[in-house]
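Input: a single structure, listed below in structure tokens.
The values are calculated or read from the model by the stated rules, or taken from the named source; none is laboratory data. Here the structure is a predicted model, which means the values were calculated and not measured. Counting neighbours? That spans all protein chains shown, and the Cβs are built from the backbone with ideal geometry, glycine included.
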Amino acid sequence: MRTAATRAFSTSTANRTKVAVLGAAGGIGQPLSLLLKQSPLITHLSLYDIVNTPGVAADLSHINTSSKASKHIGIYVTGHLPKDGGLEEALKDAGVVVIPAGVPRKPGMTRDDLFNTNAGIVRDLATACAKTCPEAKILIIANPVNSTVPIVSEVFKQHNVYDPKRIFGVTTLDVVRASRFVSEVAGGRPEEIKITVVGGHSGATIVPLFSQTQGIKSLSKEQLDELTHRVQYGGDEVVKAKDGLGSATLSMAFAGARFTESVLRAAAGEKGVVEPTFVRSSLFEKEGVEYFSSNVELSPEGVGKIHPLGNLTPYEEELVSVAVSQLKGNITKGVQFVSESQ
Ligand code: NAD
Ligand code: LMR
């Protein structure tokens, strides 16, 4: 089912980019869609969820923003529900699919505790993507990211449409948090401080490389311990404060919109767009870890150059080795889930 919330849309418009958000009526999905509605690089925003997308689409469609490619009509917004092939319609011709669908944590849970519910949701959505928009770039927000990225990859392999350049785990919130938290300790404008965060997206797999940022005042061992822990467990702060009502949604929407915009900018030919993201990577392949987050230069095809980690302090080397050992289990769990669901 589709609700067309804008009257006219020229499918012949050059450079049109359709972005689909799956889970668009949720805590992340709604503010993320609001931010994406302001992107000049999107011509069609397609919102899919199991509930409420017609309302969200109608609401967003009243916002008077335009995209570069279709100034005369504004961004086309459609809402889709499962009935009548709604998922396929939402995905048809999408260039980018963002997936925040799935349940969030409650206090006392780890991200891995979400696996039992979210693995099946992500597998089924990935199957629809593999069939309907196999060439789209897939941006995975649903947790546990360390396992959901391998799940999507395995589904694409099963359908013979796998291209590792097009599958991304969104770890931007860790990067956003790292710059915010370090600015509170060392001063400076957070939006101008760039911290590389590598590894994965849960607890000890999240590794901020503070030593690589020039211009922040040197941190004592105690400050480094506190900051590293805060970036690794920043998600828990929000889960605790929301007290049973979910996890980070607004900061995640901000981070997800930033990452989506980066992917779109690179797709439009902009050079030098670099973001840490959890992708198929050879950096720790010898250790048996096939996916890893590091700085990635984005390209029109998706993943361009995967940057090596660069110089690490002994402190950071230790953190990376803990991350690598934990990631192995998270990745295997995702891969096995898909092979066992066949
Ligand atoms: P939410 O419960 O508010 O929203 C999830 C939405 O997904 C709901 O609207 C629900 O109807 C929808 N949904 C459920 N099953 C679906 C399906 N089969 N198809 C389409 N939609 C479906 O949760 P939220 O707070 O938006 O969080 C969503 C996910 O994002 C969680 O797994 C959470 O852990 C994760 N998350 C990841 C990061 C990150 O940094 N990568 C940050 C925050 C949250
Ligand atoms: C986060 O980092 O905020 C998200 O992964 C949500 C969570 O469960 O903490």
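Residue selection: Asp84 fails the criterion of being away from ligand 2 (no atom under 16 Å from the Cβ), on the phi > 0 side of the Ramachandran plot and either crowded, with 24+ Cβ neighbours inside 10 Å or not in a helix (DSSP H, G or I) (or both). Residues that are touching a helix residue (DSSP H, G or I) at 6+ places or on another chain (Cβ under 7 Å) and either more than 16 Å from ligand 2 (Cβ to nearest atom) or farther than 17 Å from Ser202 by Cα (or both) within region 165-180 comprise Ile167, Ser179, Arg180, listed in sequence order. Criterion applied to Ala178, Ala130 was being at negative phi and either surrounded by 22 or more Cβ atoms within 10 Å (Cβ to Cβ) or in contact (Cβ under 8 Å) with a residue 40 or more places away in the chain (or both), and the one residue passing it is Ala178. In region 185-202, the residues that are over 27 Å from Phe284 (Cβ atoms) reach residues that are among the polar types (S, T, N, Q) and surrounded by 16 or more Cβ atoms within 10 Å (Cβ to Cβ) with C-beta atoms within less than 9 angstrom, at least six apart or across chains, in these pairs: Gly188/Ser179; Arg189/Ser183; Pro190/Ser179; Pro190/Ser183; Glu191/Ser179; Glu191/Ser183; Glu192/Ser179; Glu192/Ser183.
Elements of the type strands (runs of 3 or more DSSP E) sitting completely within region 190-309 and holding at least 2 residues that are away from ligand 1 (no atom under 16 Å from the Cβ) and surrounded by fewer than 19 Cβ atoms within 10 Å (Cβ to Cβ): these cover 291-299, 302-306.
In region 98-151, the residue that is farthest from ligand 2 (Cβ to nearest atom) out of those that are part of a helix (DSSP H, G or I) and acidic (Asp, Glu) is Asp124. Scanning region 146-171 for residues that are under 21 Å from Val324 (Cβ atoms) and crowded, with 24+ Cβ neighbours inside 10 Å gives Asn146, Ser147, Thr148, Val149, Pro150, Ile151, Ser153, Ile167, Phe168, Gly169, Val170, Thr171.
Can you find a residue in region 55-63 that is in contact with a strand residue (DSSP E or B) (Cβ under 6 Å, 6 or more places away or on another chain), of a type outside the set (A, V, I, L, M) and at pLDDT below 95? Scanning region 55-63 turns up at least one residue that is in contact with a strand residue (DSSP E or B) (Cβ under 6 Å, 6 or more places away or on another chain), of a type outside the set (A, V, I, L, M) and at pLDDT below 95. Residues that are among the polar types (S, T, N, Q) and outside any loop (DSSP other than H, G, I, E, B) were ranked within region 316-342; the one that is nearest to the chain's Cα centre (by Cα) is Asn330. Applying the set (1) free of Cβ contacts under 8 Å to residues at least 12 places away in the same chain; (2) farther than 17 Å from Arg105 by Cβ; (3) of a type outside the set (Gly, Ala, Ser) to Val207 leaves exactly one unmet item: (1).
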